[in-house]
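*Asks:* Attaching a single structure in structure tokens format; questions to follow.
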Amino acid sequence: MRYLIVFFFLSLFIAPVTAQEHNPTVEEQGLVKWYSFAEAQELNKKQPKPFLVDIYTDWCGWCKQMMRTTYSDPNLATYINTWFYPVKFNAEGQDTIIYMGEKYFNPSKAPRSTHQLAFKFLGNKLTYPSTLFIGNNFQFQLNTSGYLDNRQIEPILVYTVENIFRTTAFEEFKTHFQKAFYDTTKSKEPDIKWYSLTEAQKLNVKAPRKFIFDIYTNWCNGCKVMNKTTFSDARLKEYLSKHFYLIDLNAETKDTLHFGGKTYTNSGTNGTPFHDLVMELSHRNLSLPTLIITDESMTILDTLPFYISPETLEPVLLFYGDNAYKTEKWQDYVKKFSEKKR
């Protein structure tokens, strides 16, 4: 099923602490493979990944509890080990650390004195544990204070790994993430209608509409959030159904697809696991998820990479669905749209 989480299971509760509670290795490390700053930065030169920095102190009880619970969850630890360089940083340690070419140290030998790097990351808000998420080759940074359980940390991990910070504020994404994976209430309204490319093209002959290609994979969590919240948003569903054919396009499909008078396959010859049509539509620069909007003749009007919230998608749909793009510039249109919303 499309909503299956492949890389980690979003559990609804924290697993109970067992006899591992008194194991010093688990208490200090959990199941995460931790690096020093020097190791993580060296590895990042060869294969860039986001950093997850656990900022702790030796006396912090909640820091140890986070190791025993959150970082000892096997599925969560696997996700972090796969997609991050996790770094443990003692905010009161005595090590000299080189970070982004600058040298940081602890200016005092006194007990519980604070390392310079802790001040850089936290300012004067020295709360422990604090967790720092650093992405996009050090251009993005999100700091959280206090203990994080699985449900709290999961949206931050996805937000960082899948570059969702490029399009959406974290609090907005978190709201939709929680709704997608934790909201057990079922909408009474029917789900929006999705079509295969073949179905949409046949329908378009008699009833022309614009197309929206939703390009996703089964392992993309931002894709799942979009499908379960953005395209199911009550404000958008009726408009989408009236003006667009929504095409459900798995980027890794093995189906033979016909589009624009050409035949496309997933032969693997493009050097990726992605279908040749997906690479063609995205101009060989695919991000996940990606929305492709076309006109009624299937000419591409716009490409929207990364996660898009319903709030962000609404003016885009109206701009193309109402044909405003034929007479107005996007900047002028979205300005007027925002003023009406105030």
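The values are calculated or read from the model by the stated rules, or taken from the named source; none is laboratory data. Keep in mind that what you see is a predicted model, and the values were worked out from it rather than measured. Here the Cβ positions follow ideal geometry from the backbone for every residue, glycine too, while neighbour counts run over all protein chains shown.
*Asks:* Step by step: first the residues of region 218-276, then only those that are touching a helix residue (DSSP H, G or I) at 6+ places or on another chain (Cβ under 6 Å) and among the small types (Gly, Ala, Ser), then the one that is farthest from residue 197 (Cα to Cα). Which residue is that?
*Replies:* The qualifying residue farthest from residue 197 (Cα to Cα) is 222.
*Asks:* Before we move on, is residue 263 of a type outside the set (A, V, I, L, M) and closer than 18 Å to residue 297 by Cα?
*Replies:* Against the criterion (of a type outside the set (A, V, I, L, M) and closer than 18 Å to residue 297 by Cα), residue 263 qualifies.
*Asks:* Can I ask one more? What strands (runs of 3 or more DSSP E), lying completely within region 55-109, carry at least 2 residues that are at pLDDT 95 or above, surrounded by 16 or more Cβ atoms within 10 Å (Cβ to Cβ) and not β-branched (Val, Ile, Thr)?
*Replies:* 85-90
*Asks:* Another question, then. Among all residue pairs at least 6 apart or on different chains, which show Cβ distances below 8 Å where the first residue, located in region 151-179, is over 17 Å from residue 75 (Cβ atoms) and the second is surrounded by fewer than 21 Cβ atoms within 10 Å (Cβ to Cβ) and of a type in the set (Gly, Ala, Ser)?
*Replies:* 163/287; 167/309; 168/309; 172/309; 173/309; 176/309
*Asks:* Here is a follow-up. Answer yes if at least one residue in region 26-35 is part of a strand (DSSP E or B), modelled with pLDDT of 95 or more and of a type outside the set (S, T, N, Q), and no otherwise.
*Replies:* Scanning region 26-35 turns up at least one residue that is part of a strand (DSSP E or B), modelled with pLDDT of 95 or more and of a type outside the set (S, T, N, Q).
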